[in-house]
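Laboratory data are not the source of any read-out in this text; all were calculated from the coordinates shown. Quantities reported herein were computed from a predicted structural model and do not represent experimental measurements. Note that we place each Cβ from the backbone using ideal geometry, even for glycine, and neighbour counts take in every protein chain shown.
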Amino acid sequence: MEYELKFSRYNEHSILIEWPAIMDENMLKDILNFKNIIEKKYIKQKVEVINAFNSILVIYNYTIDNINDEIFRLKALKFTEDDLVDSKSKLWKIPVCYDDEFGMDLNEFSKQRQLSKTEVIELHSSATYIIFFIGFLPGFLYLGGLDKKLHLDRKSTPNLNIKKGAVGIGGNQTGIYPQNSPGGWHIIGKTPVDFFNAKSSPPCVFNAGDQLKFYPISKSEFLDLEQDVKHGCFQLKPLQNA
């Protein structure tokens, strides 16, 4: 581990491990590797390990009597080659329609960034993004890798009804709303793909460390795909990265 970590009691059953507050791909790998080794070394204790943007929450199924001893044990964990997360990540290709009907903020966003709509779409769909963590809503992917030309602070006044599938930009990130929700991100398009389905196993097929690319589709293609998704005829399949 190359980073200075902070260990602290979160509550009587859990310990929070924090990395520096930066968005970095190498740090993400470090977080996922540490999560993996905790899950392997603590398999008998049946701990639950939840990773976020720059932290891991280790939840024990018992009360932690001596927090200092437990933190010492966590700090003493060492990586071996077998503990490292597989470097071959999944690559997901996600269709997005950037039509004005779906990208309600695209015109204003383009003006604020002094770009044409075509330039915004090209920049947004040409990048390869990394899933840093999943949160806020079930299935909401926080993606790193957004081109700096598309960075824009979130709206000062959030939209109260962003539709499921909306693709937005907030700050230095882009993401997809997996269900109807209020939100302050700039909406530039929409995907017909389901990102969370409580009836499926697993409910969300994406994982932190996976990669994702968007590709533009027309409105008619969107409507066709939307029907395929609705009737269970569309199955999202990942590609394997080397």
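Could you put K78, K93, K190, K46 in order, starting from the residue whose Cβ has the fewest other Cβ atoms within 10 Å?
In increasing order of surrounding Cβ atoms, one gets K78, K46, K93, K190.
Between the amide H of I94 and those of K213, F214, Y215, distances stay under 5 Å, these residues lying 5 or more places away or on another chain, with hydrogens modeled in the peptide plane. The H on the amide N of Y10, modeled in the peptide plane, is under 5 Å from the matching H of I15, L16, each at least 5 residues off or on a different chain.
From the alpha carbon centroid of the stretch 22-74 to that of the stretch 114-160 is 29 Å. When each of the peptides 132-140, 111-119 is scored by the mean number of other C-beta atoms lying within 10 Å of its residues, the order from highest to lowest reads 132-140, 111-119. Note on the chain: Kirkwood radius taken over Cα pairs, Stokes-Einstein applied at 4 °C and 1.567 mPa s, translational D equal to 66 µm² s⁻¹. Fully extending the segment from S14 to I43, taken as 0.36 nm per residue of separation minus the present Cα-Cα distance, adds 8.9 nm.
Here the peptides 222-233, 34-45 are ranked by packing, the mean other Cβ count within 10 Å, and the order with the highest first is 34-45, 222-233. Modelled label positions at I67 and H151, each set 7 Å beyond Cα in the direction of Cβ, lie 3.5 nm from each other. A simple rule links phi to the HN-Hα coupling: the Karplus curve 6.51 cos²θ - 1.76 cosθ + 1.60 with θ = phi - 60°, which for the stretch 131-142 gives 7, 7, 6, 10, x, 6, 10, x, x, 7, 8, 8 Hz, with x for Gly and Pro.
Across the stretch 174-185, rounded Karplus estimates of 3J(HN,Hα) from the backbone phi angles (6.51 cos²θ - 1.76 cosθ + 1.60, θ = phi - 60°) give 10, x, 10, 7, x, 7, 4, 6, x, x, x, 7 Hz, Gly and Pro being marked x. Could you sort out which of K41/K75; K40/K237; K90/K163; K6/K75; K213/K237 sit more than 18 Å apart by Cα distance in this structure? The answer is K40/K237; K90/K163.
In summary, the stretch 102-242 shows an alpha-carbon radius of gyration equal to 1.02 times the 2.2 N^0.38 Å reference for compact globular proteins. Here the Karplus curve 6.51 cos²θ - 1.76 cosθ + 1.60, taken at θ = phi - 60°, turns the phi angles of the stretch 102-114 into couplings of 9, x, 5, 10, 4, 4, 5, 4, 4, 5, 5, 8, 6 Hz, with x standing for Gly and Pro. The convex hull drawn around the Cα atoms of the stretch 1-72, when projected onto a plane and averaged over every direction, covers 4.5 nm². Hydrophobic long helices, here whole DSSP H runs in the chain with Kyte-Doolittle means of at least -1.0 and Cα atoms spread over 15 Å or more along the helix axis, are found at 25-41, 219-230.
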